[in-house]
Amino acid sequence: MRSALYGPGGFYVRPGGPGPAGHFRTSVHASGLYAGAVARLLRWVDGELGHPRRLDLVDVGAGRGELLAGVLAALEPEVAARVRPYAVERAERPEGLDPRIQWAAEPPGGVTGLLFANEWLDNVPLDVAQDGRYVLVAADGTESPGDPVEGADLAWLERWWPGGDRAEIGRPRDEAWAAAVAGLERGLAVAVDYAHTRGARPPWGTLTGFRAGREVRPVPDGSCDVTAHVALDACAGPGSVLLTQREALSALGVSGSRPPLALASTDPAAYVRALSSAGEAAELTARGGLGDFGWLVQPVGIRAWRPADAPAPA
Ligand SMILES: C[S@@+](CC[C@H](N)C(=O)[O-])C[C@H]1O[C@@H](n2cnc3c(N)ncnc32)[C@H](O)[C@@H]1O
């Protein structure tokens, strides 16, 4: 998984590739409403931090920087002027990106603000275990049993994924998340992803592939994305809150309700805009879709954000 995604010629780092948006649709690509919601969350963090002179916004696994650009555009100039946007990404900086956005392969330290990671952790490579053994995989995707799982991996399985015939050992995601959060001095860290929790792990795991918008066999040859859902409860550090995307976004003002029909006659253009925005909101919050994603909200030195703390609409 590591070499297929990030090794030489890897799926995510191949120069000139279309980027994640060319292969699958994340919330970031689905609608600008998503960046608007993150902007609203950033305003809340700003308030909790007492409106610091420098407000950091770190996007881990930033793709082509689309979310950062969207958040900057959604903020009022007074706030945007204080924001230091930072993309953490293994792929190269795309041409034409807003020059305010810094680009680096590793998360920065000393962050004061919001660290956000949309669909990052599901691409952090992991091992798969079946019947107590590691699963080995050849470059054509053929699987065979390897050594018995032991040590820290076995301890992780016993604690977080007991009893499954086939399980995805989430330890590297826990570690990646903890390392990213360690760079946060004060503020909020949020990871959003396909997720499951201990009471409901998928019995056969979730390892799969995506190519050009289609789900495909997860062949680790660099031709497709290789991904597995995230045990977000195992990643959660002290004071964390776990929510669904539906809960989080509706508190951040993303609503799928249709505009009143009366608007159609008083202001038809506004009605059409509101209708299309309601359609996008419905996609972001859909049951059986993006709305089921997990939001792990982890505070450092401030309180955790909860839907009841939703800031008023800007
Ligand atoms: C599924 S894409 C998500 C892109 C974007 N956040 C979005 O939601 O549209 C995952 C991205 O994470 C990046 N990535 C994965 N592991 C990383 C790491 N350890 N450091 C930096 N970037 C990483 C990949 O290169 C890829 O661009």
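The values are calculated or read from the model by the stated rules, or taken from the named source; none is laboratory data. Quick caveat: nothing in here was measured; it's all calculated off a predicted structure. So basically every Cβ, Gly included, is an ideal-geometry build from the backbone, and we count neighbours across all protein chains shown. The accessibility values were calculated without ligands, DNA or RNA, using every heavy atom of the protein model including side chains. Shrake-Rupley method; radii C 1.70, N 1.55, O 1.52, S 1.80 Å.
Contact order normalised by length for region 1-84, with contacts defined as Cα pairs under 8 Å and 6 or more residues apart; what percent is it?
Working: 58 pairs, mean separation 22.5, N = 84.
With pairs under 8 Å counted, the relative contact order is 27 percent.
Hey, what D do you get for region 115-267 in µm²/s if you plug the Kirkwood alpha-carbon radius into Stokes-Einstein at 4 °C and 1.567 mPa s?
Values: Rh = 17.7 Å.
Calculated translational D: 73 µm²/s.
Can you give me the convex hull volume of the Cα atoms of the chain, divided per residue and expressed in Å³? Could the numbers behind the result be given before it?
Working: hull volume 45.1 nm³, N = 314.
So the per-residue hull volume is 144 Å³.
Just to verify a number: FRET efficiency for Ala155 and Arg217, C-beta to C-beta distance, R0 = 22 Å, to 0.05? If you can, show how the numbers build up before the last one.
Details: r = 31 Å, r/R0 = 1.39.
According to the calculation, E is roughly 0.10.
Mind checking the full-extension length gain between Arg306 and Glu185? Use 0.36 nm per residue of separation minus the Cα-Cα distance, one decimal, nm. Intermediate results must be reported in sequence, preceding the final value.
Working: separation 121, 0.36 × 121 = 43.56 nm, distance 2.00 nm.
Here the answer is 41.6 nm.
Provide the per residue accessible area, probe 1.4 Å, for the chain, rounded to a whole number of square angstrom. Show your work: numbers first, answer last.
Values: 14140 Å² over 314 residues.
Each residue of the chain exposes 45 Å² on average to a 1.4 Å probe.
On the protein heavy atoms, probe 1.4 angstrom, tell me the percent of accessible surface of region 1-138 carried by carbon and sulfur.
Values: 2940 of 5730 Å².
With neighbouring chains kept in place, the figure for region 1-138 is 51 percent.
Non-local amide H neighbours of Ala189 (under 5 Å, H modeled in plane, Pro and chain starts lacking H): which ones?
Result for Ala189 returns Leu115, Gln298, Val300.
Suppose each label sits 7 Å from its Cα in the direction of the beta carbon; what would the Ser255-Glu143 distance come out to in nanometres?
Going from the Ser255 label point to the Glu143 one covers 4.5 nm.
Which percent, to the nearest 5, of DSSP beta bridges fully inside region 85-186 are antiparallel?
DSSP beta bridges in region 85-186 are roughly 65 percent antiparallel.
What is the extension gain from Thr266 to Asp165, computed as 0.36 nm multiplied by their sequence separation minus the C-alpha to C-alpha distance, in nm to one decimal? It would help to have the intermediate numbers written out before the result.
Numbers: separation 101, 0.36 × 101 = 36.36 nm, distance 5.99 nm.
Gain in length upon complete extension: 30.4 nm.
Within a Cβ distance under 13 Å of Gly213, other residues only, what is the Lys/Arg minus Asp/Glu net charge?
Details: positive: Arg25, Arg211, Arg214; negative: Glu215, Asp225.
Residues close to Gly213 contribute a combined charge of +1.
Give the distance, in whole Å, between the Cα centre of region 249-293 and the Cα centre of region 61-83.
Cα centroid to Cα centroid, the span is 22 Å.
Using the beta-carbon distance between Arg82 and Arg273 and R0 = 41 Å, what value does 1/(1 + (r/R0)^6) give for FRET efficiency, to the nearest 0.05?
On the way: r = 30 Å, r/R0 = 0.72.
Efficiency at R0 = 41 Å is approximately 0.85.
Could you tell me which residue out of Ala138, Ile169, Gly253 lies farthest along the dipole of the chain toward its positive end? Charges go on the beta carbon: Lys and Arg +1, Asp and Glu -1, centred on the Cα centre.
Gly253
Can you tell me, using C-alpha contacts under 8 Å and at least 6 residues apart, the relative contact order of region 139-221 as a whole percent?
After rounding, I find 40 percent.
To test your reading of the geometry: what angle, between 0 and 90 degrees and rounded to tens, separates the Cα axis of helix 151-160 from the longest principal axis of the chain?
Result, in degrees: 50.
Based only on Cα atoms, what mean projected area does the convex hull of region 223-293 have, in nm²? Let's see the in-between values first.
Values: hull surface 29.8 nm².
Result: 7.5 nm².
Give, as ranges by residue number, the residues of region 23-67 whose backbone N falls under 17 Å from the point 7 Å along Cα→Cβ of Ala286.
23-34
What's the percent breakdown of Cα-Cα distances in region 12-96 across 5 Å bins, shortest bin first?
Histogram of Cα-Cα distances, whole percents per bin: 3, 14, 24, 23, 17, 11, 6, 2, 0.
Want the number for Ala178 to Leu242: 0.36 nm per residue separation, take away the alpha-carbon distance, what's left? List each step's numbers first, then the result.
Working: separation 64, 0.36 × 64 = 23.04 nm, distance 1.58 nm.
Here the segment from Ala178 to Leu242 would lengthen by 21.5 nm.
Any idea what the dipole of region 150-303 comes to, in debye rounded to 20, about its Cα centre with Lys/Arg Cβ at +1 and Asp/Glu Cβ at -1? Don't skip to the answer; put the middle values down first.
On the way: 15 positive and 18 negative charges, 76 e Å.
In debye, rounded to 20, region 150-303 gives about 360.
What is the local net charge at Gly183, summed over the other residues whose Cβ is closer than 12 Å to its Cβ (Lys, Arg +1; Asp, Glu -1)?
Details: positive: Arg186; negative: Asp56, Glu106, Glu185.
Once positives and negatives cancel, what remains is -2.
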